[in-house]
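One structure below.
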Amino acid sequence: MTVHTRHGDASDGVLAEAVGGRLSRVDGPAKITGAARYAVEQQLEGLLYGALVESTIAAGKVRAIDVTQAEAAPGVVKVLTPDTIMSLRTASDWFGTPPPDKPYCPLARDITFSGQHVAAVIAGTFEQAVAAAALVKVSYDETPAIVDLSDGKAGDGIPIDAMTKEWGDAASAFASAPVRICAAYNTPREYQAPMEPHGLIAHWQGDHLTVWEPSQWLDGMARTYAEWFEVPFENVRLVSPYIGGGFGSKALALSHGAVAAGAARMLGRPVRLVMTRPQTFTGYGGRAATRQTVTIGAGHDGVIQSIVHRGVNETSIDGMWVEPLGSVTSIMYATPNFSSKQNVVRVNSVVPGAMRAPGENPSAFGIESAIDELAYEVGIDPLEIRLRNYAEQDPHAKKAWSTRQLREAFAAGAERFGWARRTPQPRSMRDGNHLIGWGVAAGTYPVRRAYGEARVRILADGSVEVESSSIDMGQGTYTILAQTAAETVGVSADDVVVKLGDSRFPRAGVTGGSRLAGVMTGAVYKAATSALDQLVGLAISDPRSPFHALQANTLVVANGRIASPRGEGPDVSIAELLKSVGRDQIEATGDTMPANSTAEDRYKNYTTIAMSLPHTEGDYSRHSWCAHFVEVRVDEDFGTVRVSRVVSALDSGRLYNPKLAESQWKGGIIMGIGQALLEEGIVDRRHGRIVNDNLADYLVPTNADIPDIEVISVGIPDLHSSALGGKGVGELAIVGIAPAIANAVFHATGKRVRDLPITLEKLI
Amino acid sequence: MRDFSYLRATSAEAARQAAALPGAMLLAGGTTLIDLAKCGVAQPDTLVDISHLKGLDRIEVGERGATIGALARMGHVADHADIKSRFPAVSEALWQAASAQIRNMATIGGNLMQRTRCPYFRDPSNFSACNKREPGSGCSAIGGVTRGHAVLGASEACIAMYPGDLAVALVAFDAIVHLGERRLLVDDFFLLPGETPDREHAIEPGEMVTAIEIPSSAAARRSTYLKVRDRQSYEFAAASAAVGLELEADGRTIRDLRVALGGVATKPWRARAVEDALKGKVLEPDAVRAASLLAVEGAVDHGANHYKIELAPRVVARAILKLGDAA
Ligand SMILES: Cc1cc2nc3c(=O)[nH]c(=O)nc-3n(C[C@H](O)[C@H](O)[C@H](O)COP(=O)(O)OP(=O)(O)OC[C@H]3O[C@@H](n4cnc5c(N)ncnc54)[C@H](O)[C@@H]3O)c2cc1C
Ligand code: SF4
């Protein structure tokens, strides 16, 4: 891809194109003009099209699949069933745990959820495949399904001991506390709903597989494909230059990918398979439904003495997903006594997956609602009670915070919002038919750190090229890496071309957990520094260099030109220098791996999540923080809630590009508004199936639902968190929005809604 | 693959004749039909495209009323200056419907003919029982997810809600559907599900909606469409009301009142009981609220849609009071 035009502004004093500048997304023009080519838009000779057939029952067995009619349908090349698709090997999980040595079949005989892939049709055109898929007749032996967490058959679930966090004696401290509150908070199944549905083109050439597929993790997915098909990792190439939204859902190779790649292998032709919109609700997991109880024991002064927290999330019958519900509960407030435990309950659904801030998001809904309840119970302002219980260090890890600008966030947000003008009583603010409520909640997200690689080339024309197998799903990787390379080498960002999304490039781990910017700016900085060193080294020492006679120790590169620091002697462009020394490029690869890393370490680092560094490693506990202030207007007669104002102050450390960070934060806030007010997968209990599996019925916010959102950065560089001082950005801002809205709704109406979403019938 | 033929009609008359053949369907903006074809509900053998026909897209507003051609686009009608001034409820019902893109494509005829959003109706591969789709197959919605289903006008065969907005305003103002020469009150054009939920409109094979006619009235001139929904935009009504009001010269006594409900019934629902209770009375909040409760007389809920019974009268009351400037 080529990426050029930019429109930054230097309003904060930093040059737009340097690190920290407000450079606009360099991939924007390509996306707006349609020039950006997404995965399944590749044109390939001999391309076949696949369509999936999914189970219509939630539990049982496939008795028989009648493919006669489908096979006879026009254009059909092959109908695949569990009996006829090629056998694959089971792949390792994302920790790299060696898999059981058994075959893997991406089409199911044993049905554990509605929407499971049971067959697939491969045909000459998309329309032929879809039409023939409707002719595949599947009969089942149905058994009773466990529909969801509230199903009588669901039971208490499996205790996840690794989630237990305890200190002090929480139970007895709670029993003897003068003020006690206890409440249950529920969040429903929520879905990532990316604009670009999942899909791929798989193409085999001999034992080499190329997959064009939107991906948040090329190297991890390449590993899975390699293991499924028992070919060397190097034989699999994943290509994903653009991703139309992922939100956590595009990090893993999924069974539809196995079906397409298997079909391509069997038929010796490239196969394209794209999920329908309904399939994006059943073919992979959204956010697990959760339940939490939060009990807080406190003094009359609102100071917390004990927190007891119990959480449960859904997982599938044969998969394991743990949504860490105690993650915020255990660090947000200082408490001498604490206990958090979690169970996971198996239900007949697809295995849930990652969705923006898995764990922290529902966790914050529990604790940030509960502390609001405590505030009213003891009659203390909800902001004040948060400050009274401020955690000066990580209460769980018992380590100092690397940086925690949360107090500053509360202060800046409150000031800008005008919090001091709030009247404390519920139902005390109104405008005609609208009850007005103001709510506050905090959020946090850990700094996840890992290692990355990058290649930087200085080309003959003086331009710079950056390559990395990391990806840009809209968060701005292209842009910040261009800024990093531009600043490090000393050229304009216009003269940097960033190439991402090809697993042939130097490797990167998963783009998830808000880690990529910190990892990749570090790697590009390293590679660019070493390219610059080579350039300067050549200029000083090559006999053909115009600087040779100068006998300088060093030279500076700025705006694409090389000169001595004091300005004496020649002043030439990079292109002129390279020409004079007879080089057509300089190339350097840099990585942030520990020096003694083996090839095995590298493979493990980039293809699993086993090597990411704990956020509490060493002496510090590293997190991003935020405080949200929200105004809602609730129509008293209709129960409709509209968010009319949001001010959020956020600490993501140093911002590599404030414009992009603000956009990520606002996106998180918008998604949080959807979560609070609209989003819910509604299950038909008789069929064990979500019925609102489309974007007309699964509501995400429209522009009309979103007010003006003001975000304020209160971060300071945090060098314990990343090489250049940034902390996480992408997931932080959604954390805490739903409780801030629920708290505002309580302030407006006097009704505490503990089940998301807050729909009108809960308030009417 | 399911083949079908596509026929570009040369005139309204040719379209009507072509569409009379079994398996043929008219194609206007396609925003309902193509959607339903994709989910396997509509399976036409022939699509008779009328979207380009001239003359059927006219909007004429005169002293006696408005006549809107079946092919006029929702967006054009919503923006039409005379519709806005003489029939504000009609314009408001339209601009609050769907999205700007859909309103640019969708026609008035197609809008009247849009089908229910019942999720079971729209998903034949997962839910085989649906009397509206397949007479006699049963109703998947009853006992299932019913949050969006009707509380008024339902039968044991079908509880699907009529989702459109425009027709609610039309019913309130006694609009007339033109099926070529035949004329029908909009209220009679829409059928209750009864035993035959598959039959939604009193339109016969070989007939086509050619226009709608809305008689002028003082109530239509002072009218509004209030739509309450979960999402602020691009969303069907949880409950809505089209209301028109005419006051006596004293400025307080109600001479004429029109009330129709959307989002709660199996067809656009004229609430005559509310009208009758208030006509001749002085417009004041308590009386309006009390009378508005009559809007849901006889309503039956199916659990999750109970809120509609509470909500609808409040929407009606708010709309009446807003028109009376008493809200
Ligand atoms: C996501 C979404 C949201 C929507 N939200 C709303 C909303 O909030 N409120 C609302 O009111 N509507 C809403 N709609 C429905 C929309 O208004 C209708 O789809 C549209 O009006 C249909 O018009 P069309 O011209 O596209 O009809 P088509 O799709 O072309 O036709 C629809 C049906 O009418 C028949 N037909 C078309 N013209 C004639 C004619 N002249 N005579 C006889 N039969 C005819 C066709 O054969 C077909 O059966 C929404 C639709 C979508 C897809
Ligand atoms: S309510 Fe009507 S449309 Fe819905 S499933 Fe029942 S019969 Fe079909």
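For region B:118-157, how big is the tail of P(r) above 17 Å, as a whole percent of Cα pairs? Value for region B:118-157: 21 percent of Cα pairs lie more than 17 Å apart. Above 15 Å, the calculated P(r) of region B:5-49 contains 37 percent of its Cα-Cα pairs. Across the alpha-carbon atoms of region A:477-546, the computed radius of gyration and Dmax are 14.3, 49 angstrom.
Charges at C-beta only: +1 for Lys and Arg, -1 for Asp and Glu. How large is the resulting dipole of chain A about its Cα centre, in Debye rounded to 20?
Numbers: 71 positive and 85 negative charges, 78 e Å.
Computed charge dipole of chain A: roughly 380 debye.
For the residues of A:677-688, the average number of beta carbons from a partner chain within 10 Å of their own beta carbon is 3. Placing unit charges on the Cβ atoms of the charged side chains and taking the dipole of the protein assembly as shown about its Cα centre, the candidate lying farthest along the positive direction among A:Ser545, B:Gly29, A:Ile609 is B:Gly29. Once both labels are positioned 7 Å from their Cα atoms along Cα-to-Cβ, the gap between B:Ala218 and A:Thr598 label points is 9.4 nm. Over region B:145-220, the pair-distance histogram of Cα-Cα distances with 10 Å bins from zero comes to 18, 43, 31, 8, 0 percent, rounded to whole numbers. The residues A:Thr56, B:Thr253, sorted by heavy-atom accessible surface at 1.4 Å with ligands and nucleic acids left out, run A:Thr56, B:Thr253 from largest to smallest. Between the listed residues A:Gln205, B:Leu293, A:Leu52, the Cα displaced farthest toward the positive end of the dipole of the protein assembly as shown, a dipole computed from Cβ unit charges relative to the Cα centre, is found at B:Leu293.
Scanning chain A for long hydrophobic helices, with DSSP H runs required to stretch 15 angstrom or more by C-alpha along their axis and to average at least 1.0 on the Kyte-Doolittle scale, returns A:516-541, A:737-749.
Can you give the average number of partner chain beta-carbon atoms within 10 Å of each beta-carbon in peptide B:120-127, as a whole number?
Values: counts 3, 0, 5, 6, 1, 6, 14, 6.
Taking all residues of B:120-127 together, the mean is 5.
Can you grab the distance from the C-alpha centre of region A:708-764 to the C-alpha centre of region B:139-202, Å, no decimals? For region A:708-764 versus region B:139-202, the Cα centre distance is 42 Å. Calculated mean residue ellipticity, 222 nm, chain A: -7000 deg cm²/dmol, from DSSP H runs (n ≥ 4) at -39500 (n - 2.57) each, averaged per residue and rounded to 500. Equivalent ellipsoid of region A:651-764: semi-axes from √(5λ) of the C-alpha gyration tensor, largest first, are 32, 18, 13 Å. Hydrodynamic radius of chain A by the Kirkwood approach over all distinct alpha-carbon pairs: 27.6 Å.
Could you pull out the pairs from A:Lys341/A:Lys398; A:Lys165/A:Lys399; A:Lys78/A:Lys102; A:Lys399/A:Lys659; A:Lys398/A:Lys604 whose alpha carbons sit more than 21 Å apart here? Violating the 21 Å Cα-Cα cut-off are A:Lys78/A:Lys102; A:Lys399/A:Lys659; A:Lys398/A:Lys604. Carbon and sulfur together cover what percent of the accessible area of the protein assembly as shown at a 1.4 Å probe radius? Answer for the protein assembly as shown is 51 percent, counting heavy atoms of protein chains only.
Using a 1.4 Å probe on protein heavy atoms only, how many Å² of accessible area do A and B hide from each other, summed over both chains and rounded to 100? Mind dumping the intermediate values first?
Working: alone 28450 and 14700 Å², together 40390 Å².
Protein heavy atoms only, the A-B interface buries about 2800 Å².
For the pair region A:490-519 / region B:43-97, the C-alpha centres are spaced 52 Å from each other. When chain B is treated as a Gaussian network with alpha carbon springs shorter than 10 Å, the biggest mean-square fluctuation among B:Ser128, B:Ser51, B:Ser216 belongs to B:Ser128. Computed with a 1.4 Å probe on the full set of protein chains, the accessible area for B:Asp3 sits at about 120 Å².
Could you give the accessible area per residue of chain A, probe 1.4 Å, as a whole number in Å²? Let's see the in-between values first.
Numbers: 27100 Å² over 764 residues.
Here the residues of chain A average 35 Å² of exposed surface.
Taking 15 Å as the straight-line reach from the Cα of B:Lys281, the aspartates and glutamates in range (excluding those fewer than 8 positions away in the same chain) are B:Glu246, B:Glu248, B:Asp250, B:Asp256.
In sequence order, region A:58-75 has phi-based couplings of 9, 8, x, 10, 6, 7, 7, 10, 9, 9, 3, 5, 5, 5, 7, 6, x, x Hz under the Karplus curve 6.51 cos²θ - 1.76 cosθ + 1.60, θ = phi - 60°, and Gly or Pro positions carry x.
Rounded to the nearest 10 square angstrom, A:Lys137 shows an accessible area of 100 square angstrom against a 1.4 Å probe. Short to long, the 5 Å bins of the Cα pair-distance histogram for region B:1-140 hold 2, 10, 16, 18, 17, 15, 12, 7, 3, 1, 0 percent of all pairs. Kirkwood radius for region A:97-193, taken over all pairs of different Cα atoms as the inverse mean of 1/r, rounds to 19.9 Å.
Rolling a 1.4 Å probe over the protein heavy atoms gives region B:138-259 an accessible area of 34 Å² per residue.
Provide the packing ranking of A:554-562, A:628-636, i.e. peptides ordered by the mean count of other C-beta atoms within 10 Å per residue, highest first.
On the way: A:554-562: 16.6, A:628-636: 26.2.
Those peptides, ordered most packed to least, come out A:628-636, A:554-562.
In this structure A:Ile716 has an accessible area near 70 Å², from a 1.4 Å probe over the protein heavy atoms.
Across all directions, the average flat footprint of the convex hull enclosing the Cα atoms of region A:543-699 is 20.5 nm².
Residues of region A:696-723 whose accessible area (probe 1.4 Å, heavy atoms of protein chains only) drops by at least 10 Å² once all protein chains are present, relative to their chain alone: A:Ala696, A:Asp697, A:Leu699, A:Val700, A:Thr702, A:Ala704, A:Asp705. In straight-distance terms, cross-link reach from B:Lys322 covers every one of the lysines whose alpha-carbon lies under 16 Å from its own, apart from those fewer than eight places away in the same chain; here that gives B:Lys227.
Normalise the Debye intensity by I(0) for chain B, one equal point scatterer per Cα, no solvent, then take log10 at q = 0.09, 0.13, 0.15 Å⁻¹ and round to two decimals. Summing over Cα pairs of chain B leads to -0.45, -0.95, -1.24. Protection proxy ranking, highest mean first, for peptides A:343-352, A:145-154: A:343-352, A:145-154, where packing is the per-residue count of other beta-carbon atoms within 10 Å, averaged.
Within 10 Å of each Cβ in peptide B:32-43, how many partner chain Cβ atoms are there on average? Round it to a whole number, please.
Numbers: counts 0, 0, 0, 2, 0, 0, 3, 3, 3, 0, 0, 0.
What the average comes to for B:32-43 is 1.
Counting pairwise Cα distances across region A:627-705, what percent come out greater than 20 angstrom? The partial results should precede the final answer.
Working: 1515 of 3081 pairs.
So the pairs more than 20 Å apart make up 49 percent of the total in region A:627-705.
Using only alpha-carbon positions, what ratio does the radius of gyration of region A:450-607 give when scaled by 2.2 N^0.38 Å? Please report the intermediate quantities before stating the final value.
Values: Rg = 16.5 Å, N = 158, 2.2 N^0.38 = 15.1 Å.
Normalised Cα radius of gyration, region A:450-607: 1.09.
Shape analysis of region B:243-314 places it in the prolate category; the axes a ≥ b ≥ c from the Cα gyration tensor give an a/c of at least 1.5, with a/b above b/c. For region A:616-661, a decrease in accessible area of 30 Å² or greater in the assembled protein chains relative to the isolated chain, with a 1.4 Å probe, applies to A:Asp637, A:Phe638, A:Arg642. Projecting the Cα positions of B:Ala237, A:Ala454, A:Val378 onto the charge dipole of the protein assembly as shown (unit charges on Cβ atoms of Lys, Arg, Asp and Glu, taken about the Cα centre) puts A:Val378 furthest along the positive direction. Accessible area per residue (1.4 Å probe, heavy atoms of protein chains only) ranks A:Glu45, A:Glu71, A:Glu323, A:Glu710 as A:Glu45, A:Glu71, A:Glu710, A:Glu323, with the largest value leading. The charge dipole of region A:450-607, taken about its Cα centre with unit charges on the Cβ of Lys, Arg, Asp and Glu (plus for the first two, minus for the last two), comes to roughly 260 debye. Comparing each chain alone with all protein chains together (probe 1.4 Å, DNA, RNA and ligands left out), the residues of region B:288-327 losing at least 40 Å² of accessible area are B:Tyr307, B:Leu311, B:Arg314, B:Arg318. Averaging the Cα positions of each part gives two centres, and for region A:599-633 and region A:150-164 these lie 26 Å apart. Shape class of region B:68-186 from the alpha-carbon gyration tensor: prolate, with a/c at 1.5 or above and a/b greater than b/c.
If you place +1 on the Cβ of every Lys and Arg, -1 on the Cβ of every Asp and Glu, and leave all else neutral, what size is the dipole of region B:69-226 about its Cα centre, to the nearest 20 Debye?
Details: 15 positive and 17 negative charges, 103 e Å.
That gives a dipole near 500 debye.
Show B:Arg182, B:Arg115, A:Arg109 ordered by accessible area, largest first, where the area counts protein heavy atoms only and the probe is 1.4 Å. List each step's numbers first, then the result.
Details: B:Arg182 90, B:Arg115 65, A:Arg109 115 Å².
I get A:Arg109, B:Arg182, B:Arg115, largest accessible area first.
Of all aspartates and glutamates in the structure, the ones whose alpha carbon falls short of 20 Å from that of B:Lys38, not counting any fewer than 8 places away in one chain, are A:Glu54, A:Glu127, A:Glu196, A:Asp693, A:Asp697, B:Asp3, B:Asp49, B:Asp123, B:Glu134, B:Asp198.
The values are calculated or read from the model by the stated rules, or taken from the named source; none is laboratory data. In this text, all values refer to a predicted model and were calculated from it rather than measured experimentally. Virtual Cβ from ideal backbone geometry, glycine too; neighbours counted across all protein chains shown. With ligands, DNA and RNA removed, areas are computed over all heavy atoms of the protein, side chains included. Shrake-Rupley method; radii C 1.70, N 1.55, O 1.52, S 1.80 Å.
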